[in-house]
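Engineer: Okay, handing you the structure first.
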Amino acid sequence: MNSSAASHPSWSKFEALRRDGNLRAAAETLKSVLTREPRTDWAYNELIELLVTMGRMGDANTLARTALHVNPLNAQAHNLFGTLLSEQNDLPSGEWHFRRAIEVGGEQPMFLANLALNLMKQGRTDEAEPCFARADALDPGNLKTLAHWSKLCEVTNDMPRAWELLERAAAASPGSDINLLRANHLSRLGKPHEALALLDGAARLSGDARLERGRLLDRLGRYDEAWNDLVLGKQRLAAETGGLTYNAEGVETFFAKLKRFFVASTFRELPSASVRSDVPQPVFIVGFPRSGTTLIEQVLASHSAVRAGGELPFLGELRQFSLNQFAGPESFPDNLARVCAADRRWAATIFRDYYFARAEQYGLTAPGKLFFTDKMPFNEIWLPLLRMAFPRARLVRVIRHPLDVCVSMLSHNMTHGFNCGYRIEDIVHHLLAVADLDAHYAREQPTGDSNLEWVLSYESFIADQQGETARLLEFLELPFESATLNFHQNRRYAPTPSYAQVTERLNDRSVGRHRNYARQLAPFVPQLQPLLQARGYSAVGG
């Protein structure tokens, strides 16, 4: 809060409403201020934060843009918009706004800490370190700074330093609960019993802490207790983030529209772009979340010719981009009928170049590599757009036992897939819906070149790492390099729930994990049976 906010006649009313939990009325108070005084920076900033608290992320995004249009020198609006963009995985854009906040508002500890966290998520850990250090120097003992700095040390395997920072955080904020971070740390050190004791001693567990306890119980073979914590943890997480829900009917309606439009006759009419030879080419790693896509990306990123892209949102963005370019009464995908005419067949080219422009922003098109990876979960939804923009792109399909995928998705906090990950019922529904859509595309899309897709089984990779790695590199027409077998030595930080696993040697601990939850999964096996059969798995672990 700044002095202009504290002295404003509406501040006390707004603060009282927020303190009492009447967020809707607090938001209306701020809107009234902005109606009367549309250049009031503090009201914009407070309302953006309030909208985020209420789970209205789209409205918060729109308001942040408006705030910066009204006053491009509003440092806190840059910081807030940078945070929103970073949470949407648009990390380079978030970084730009954090740096702009520092430029116009000075080296404020919050700005520096947010920039450091953003850089860490980009895998630029060496650049994140001095930002955390500077934030700590300006505001010693800040819990958020120390907690995230500790995480940075953990992911770079500086465990003693990570623990030291956690102890500093506990000393500076004795009333705070850092047991989750301590438990994470102890778990990484192979001390699950000590980690579990910390969480068991907590008066109340957050959603994330419940999930961590569930994973620890799973590791210790206490499966019924583990499942209970995983379910309750996801329920609490959904509530903590504004009551997130999965709209199964909405997903089915949207996928039905995609299937009605993208049929064989339409595929034959849609244009396709030529290959740009002046930049590295994307390799799309597709598969359900927690199917092994991060592992395969880490393997490929250990090759000298491949740059890791991570979870890139660009294909999904082409939906809105197409609506902007080819506006009309139709919604997506029906608006794409407009690009079949001769005077608009350049659409595929601008789809391709939009993707590359965004990739350039992420530093992925720099010289020195042949490929960069794109492993955004559920990219299968956008396969028709992918093939319009990149008809010759290589696609690596990673498959894993669907029941193992279900257990792993329930075990981790993830927002992919229209918020499907918060209930086992929704996880099953979404996996089946995406698999059905993917199968539709396979039936309707022209066969094309079969050498452009490679199916890789997670279980097969675990059983024959060297052979599967060699075949994968051969598919990409890359020479074998021994570094791809030692992917765990790659110092790159993969900012996904799999970050810890890909720093370990390959192991089979996660194969057949669903057997431990046969009773809990039994109600969903009949629904999943066609998918299990189609992918060569059995309900009991085949």
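Engineer: Quick one: Debye curve from the alpha-carbon atoms of region 73-185 only, equal weights, vacuum; give me log10 I(q)/I(0) at q = 0.19, 0.21, 0.22 Å⁻¹ to two decimals.
Structural biologist: -0.95, -1.10, -1.16
Engineer: How much area per residue is accessible in the chain when the probe is 1.4 Å and only protein heavy atoms are counted (Å²)? Please list the in-between numbers first.
Structural biologist: Numbers: 23540 Å² over 542 residues.
Value for the chain: 43 Å² per residue.
Engineer: Treating the beta-carbon of each Lys and Arg as +1 and of each Asp and Glu as -1, no other charges, what is the dipole magnitude of region 341-394 about its Cα centre, to the nearest 20 debye? Each step should come with its number before you reach the end.
Structural biologist: Numbers: 9 positive and 5 negative charges, 34 e Å.
Value, rounded to 20: 160 debye.
Engineer: Quote the charge dipole size of the chain about the Cα centre in Debye, to the nearest 20; the model charges only the Cβ of Lys and Arg (+1) and of Asp and Glu (-1).
Structural biologist: Values: 60 positive and 62 negative charges, 88 e Å.
Roughly 420 debye, rounded to the nearest 20.
Engineer: Using the beta-carbon distance between Glu453 and Gln325 and R0 = 35 Å, what value does 1/(1 + (r/R0)^6) give for FRET efficiency, to the nearest 0.05? Before the final figure, lay out the partial values.
Structural biologist: Working: r = 28 Å, r/R0 = 0.81.
After rounding, the FRET efficiency stands at 0.80.
Engineer: Return the calculated 222 nm mean residue ellipticity for the chain, to the nearest 500 deg cm²/dmol, obtained by summing -39500 (n - 2.57) across DSSP H runs with n ≥ 4 and dividing by the residue count.
Structural biologist: Numbers: 28 runs with 315 residues, N = 542.
It lands at -17500 deg cm²/dmol.
Engineer: State the percentage of accessible surface on region 324-471 attributable to carbon and sulfur atoms; use a 1.4 Å probe and exclude ligands, DNA and RNA.
Structural biologist: Working: 2830 of 5560 Å².
Here it works out to 51 percent.
Engineer: Note down the relative contact order for region 251-376 as a percent, whole number, built from C-alpha pairs under 8 angstrom at least six residues apart.
Structural biologist: Working: 131 pairs, mean separation 56.8, N = 126.
Reported relative contact order: 45 percent.
Engineer: Right, something else. With just the Cα atoms defining each centre, how far is region 62-76 from region 351-372? Give it in Å.
Structural biologist: Region 62-76 and region 351-372 have Cα centres spaced 29 Å from each other.
Engineer: Give, in nm to one decimal, the length gained when the segment between Arg161 and Ala16 is fully stretched (0.36 nm per residue of separation minus the Cα-Cα distance).
Structural biologist: Numbers: separation 145, 0.36 × 145 = 52.20 nm, distance 4.12 nm.
Gain in length upon complete extension: 48.1 nm.
Engineer: Where the convex hull is taken over the Cα atoms of region 197-278, what is its projected area averaged over directions, in nm²?
Structural biologist: Details: hull surface 46.1 nm².
Quarter of the Cα hull surface area: 11.5 nm².
Engineer: For region 359-399, take every pair of Cα atoms, bin their distances at 10 Å starting from 0, and report each bin as a whole percent.
Structural biologist: 22, 53, 25, 1
Engineer: Using the crude model of +1 on Lys and Arg Cβ and -1 on Asp and Glu Cβ, and no other charge, please compute the dipole size for region 258-366 relative to its Cα centre, in debye to 20. Please report the intermediate quantities before stating the final value.
Structural biologist: On the way: 12 positive and 10 negative charges, 50 e Å.
For this selection, approximately 240 debye.
Engineer: Only Cα pairs under 8 Å and at least 6 apart count here; give the relative contact order of region 43-125 as a rounded whole percent. Mind dumping the intermediate values first?
Structural biologist: Details: 92 pairs, mean separation 18.6, N = 83.
With pairs under 8 Å counted, the relative contact order is 22 percent.
Engineer: Report the Stokes-Einstein translational diffusion coefficient (µm² s⁻¹, integer) for region 71-110, Rh taken as the Kirkwood radius over Cα pairs, at 4 °C with viscosity 1.567 mPa s.
Structural biologist: Details: Rh = 9.6 Å.
It diffuses with D of about 135 µm²/s by this estimate.
Engineer: Still on this model: Please compute the contact order of the chain in relative form: average sequence separation of alpha-carbon pairs under 8 Å and at least six residues apart, divided by the residue count, as a percent. All intermediate terms of the calculation are to be shown ahead of the outcome.
Structural biologist: On the way: 746 pairs, mean separation 70.2, N = 542.
Here the relative contact order equals 13 percent.
Engineer: State, to one decimal in nm², a quarter of the convex hull surface area for the C-alpha atoms of the chain, i.e. the direction-averaged projected area. Mind dumping the intermediate values first?
Structural biologist: Numbers: hull surface 104.5 nm².
Seen from a random direction, the Cα hull of the chain projects 26.1 nm² on average.
Engineer: Just for the Cα atoms in region 1-150, what are the lengths along the principal axes, largest first, rounded to whole Å?
Structural biologist: 46, 29, 27
Engineer: Need the full-extension length gain, Arg39 to Asp438, defined as separation in residues times 0.36 nm minus the C-alpha distance. One decimal, nm.
Structural biologist: Working: separation 399, 0.36 × 399 = 143.64 nm, distance 4.85 nm.
Stretched out fully, the Arg39 to Asp438 stretch lengthens by 138.8 nm.
Engineer: Moving on. Percent of Cα-Cα pairs per 5 Å bin, from 0 to the last occupied bin, for region 265-351, please list those.
Structural biologist: 2, 11, 17, 18, 15, 14, 12, 7, 2, 0
Engineer: Quick check: convex hull over the Cα atoms of region 319-457, volume per residue in Å³, rounded to an integer? Before the final figure, lay out the partial values.
Structural biologist: Values: hull volume 21.9 nm³, N = 139.
Spelled out: Cα convex hull of region 319-457, divided by residues, is 158 Å³.
Engineer: Over the Cα atoms of region 221-368, how large are the radius of gyration and the largest Cα-Cα distance (Dmax), in Å?
Structural biologist: Rg then Dmax for region 221-368, in Å: 20.1, 63.
Engineer: Then there is this: Let me understand region 246-311 better: what is its radius of gyration from the alpha carbons, and its Dmax, in angstrom?
Structural biologist: Cα radius of gyration and Dmax of region 246-311 are 17.2, 45 Å respectively.
Engineer: Looking at Phe332, Leu237, Trp227, which one has the Cα that reaches farthest to the positive end of the dipole of region 206-334 (charges on Cβ: Lys, Arg +1; Asp, Glu -1)?
Structural biologist: Trp227
The values are calculated or read from the model by the stated rules, or taken from the named source; none is laboratory data. None of these values were measured; they are calculated from a predicted model. FYI the Cβ positions are ideal-geometry reconstructions off the backbone, even for glycines, and counts take in every protein chain you see. Ligands, DNA and RNA are excluded from the accessible area calculation, which covers all protein heavy atoms including side chains. Shrake-Rupley method; radii C 1.70, N 1.55, O 1.52, S 1.80 Å.
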